[in-house]
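Please read the structure below before turning to the comments.
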Amino acid sequence: MENQPKSSNKWFVLLVVLFGLFMVNLDMSIVNLAISKMMQTFNATFDQIQWVLSGYTLTMGIIMPVTGYLADQFGTKKVFIISMAFFTGGSLLCGISWNTASIVAFRIIQGVGGGLIIPISMTILMNTFEEKERGVAIAILGIATMVAPALGPTLGGYIIENFDWRLIFFINIPIGVVGTVLSFVLLGESELRPAKRFDLIGLLTSSAGLGCVLYVLGKDNIDWGDLNNIILMIIGCYSLLMFVVNELLVSEPMLDLKLLKNYTYCMSIIIMNIAILALYGGIFLVPIFLQQLKGLTPQQTGMILFPEAIATAVAMLVASKLSGKLEARIFAVLALFFLAINGYNMSKITFDTSNTTITLLLMLRGLAIGFIMIPVQLAGFNAVPKEATADASALMNTVKQIGISVGITIITSVMQHRNSFNYAALAEQVNSFNLGSVELLKKAQ
C-alpha cells in the first residue's frame, strides 16, 4: 500500500508526527510511576492493576493491524487526526476514573488512539522521506520519542509526589489539542486506494485469542483445575490458530503474514522484540521495586530512570550515523550480547544495591537497546517494497505491542507466584518458638 502525503515540507510532516508519538510515549513512562498510587487509590491488587498497562498495550496490538485498511479508505491525514482525538479523549476520561474497572476501560480507549498513532506515523514518514533520508528521519523520531520517556519519570515523579496522579493524564490534553490542530494545517491528503474487503474474521479471532490467553495468564496463581481457565485457554489458542490460517488464506488480510517470508524483515521483528521485552519488563517492575520495596518517592524513582532514556537517545543518534557504514547484524549481535550480560547483572539487584549502581545498569541497558532499534528497524523497512510499507509497519508494531502485553502479563504472573511462595515460606517461620517473630508481633500490637 502506498499513501504518499502531499506536503510542501516534509520536515513539517515530521514535526506533526512527533506530537503524536511524543504524547503516546510520555503517557507510558508516566503511568508506570503511578501504578503504586493507583493501587492505593482504588484498593486494587497487583494482578488487577497490571491491566492498566496490559489492557492498554493489548488494545494497541489489536487495533494496529486495522491501520492499513483505514489509511486506504480514508487517507493517512484523517486517520492520524482521529487517532489523536481518541487518545486525547481517553486521557481526559482516565483522569476522572473512579475505580479500577473504569480506568482500565478508559485506558482501552487510549489504546485505540495509540494503536493507530504509532503505525500511521511510521507510514507517513516512510512514504514522505526517500530511502537515503529515512535513517535521519527515524533517528530524529527515535530521539524525540525517547525524550518523552526521559521527561516522563522526572515530570511524573514531581506531579505524583506534589499533586495528584490524575494530572499525569490531564497533561496529555494540551499536547493532543496542539497536535490535532497542526495535523489539520500541515499534513497533506494522501492518495486513496480502491475499497477492499475488511478482514472482520481476522479482527475477531485475534481479539478473542489474545484477550482470552492474556486474561488467564494475568491471573495470580492460575488454577489449571478451574474449568473456566481451561475453556478460555482452549478458546484463545483455537482463535489464534484460526487467525493465522485466515490471514494466510484470504486475499486481503488484516495483517500480511506473508511479509515474514522476507528473511531480513522477519529477523528485524524478532530482534526488536527481544530488545522490547528486555526494556518493558524493567519499565514495569523497576518503579514498583524502587517505590514499594526500597521506599523511594516517585520523584526519586524518576531521577533513577531518567538517565536510561537519555542513554537510549544518544545510542540511537550514534547508531543512525553508523548504520550506513556497518551492517545491522553487527549492531544486533554486539548489543544483544551486552543486553544479556546486563540482564544477568540486574537480576542480582537487592535491597542493598545502591541507587547509583541501579542507575548505571539501566543506562547500560538503554545504550544496548538504542544500538539495536535504529539499525534493525531501518534494515527491516528497507527490505520490503515501498508499496508494502504500511502493511510492514502495521505488522511490526502489532507484534511489538503484543510482545509488550505478553511480557508484562507473564512477568506479573511469575512475580505473583514467587510472592505467594515466599509469603508461605515466611509464614511457616512465624511461631512461638521463633524469638524474632515473637518480638515483631509484640511490636505490632
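A few comments on the model shown:
- Label-to-label distance for L167 and N228 is 4.0 nm, based on points extended 7 Å past Cα in the beta-carbon direction.
- Extension gain for C266 to L204 (0.36 nm times residue separation, less C-alpha to C-alpha distance): 19.9 nm.
- Residue order, fewest to most beta carbons within 10 Å, for T57, T297, T205: T297, T205, T57
- Ranked by the mean number of other Cβ atoms within 10 Å of their residues, highest first, the peptides 328-334, 96-102, 394-400 come out as 394-400, 328-334, 96-102.
- Distance between modelled label sites at I310 and V136, nm, 7 Å Cα→Cβ extension: 2.7
- Whole-Hz ³J(HN,Hα) from phi, Karplus 6.51 cos²θ - 1.76 cosθ + 1.60, for the range 285-295, glycine and proline x: 8, 4, x, 5, 4, 5, 7, 7, 9, 8, x
- Sorted ascending by nearby beta carbons within 10 Å, beginning with the fewest, R197, R166 become R197, R166.
- Spin-label model, A340/N382: points 7 Å from Cα along the beta carbon direction are separated by 2.6 nm.
- Counting neighbouring beta carbons within 10 Å and listing from fewest to most, the residues C212, C266 come out as C266, C212.
- Here r is the Cβ-Cβ distance between Q292 and L93 and R0 is 22 Å; the resulting FRET efficiency, rounded to 0.05, is 0.25.
- Full-extension gain in nm, A105 to R197, via 0.36 nm per residue minus C-alpha separation: 30.2 nm
- Cross-link pairs exceeding 26 Å in C-alpha to C-alpha distance, out of K77/K400; K78/K400; K261/K321; K325/K386, comprise K261/K321.
Read-outs throughout are calculated quantities, based only on the coordinates presented, and are distinct from any laboratory measurement. Note that the coordinates shown come from a computational prediction; the quantities given were computed from them, not determined experimentally. Virtual Cβ from ideal backbone geometry, glycine too; neighbours counted across all protein chains shown.
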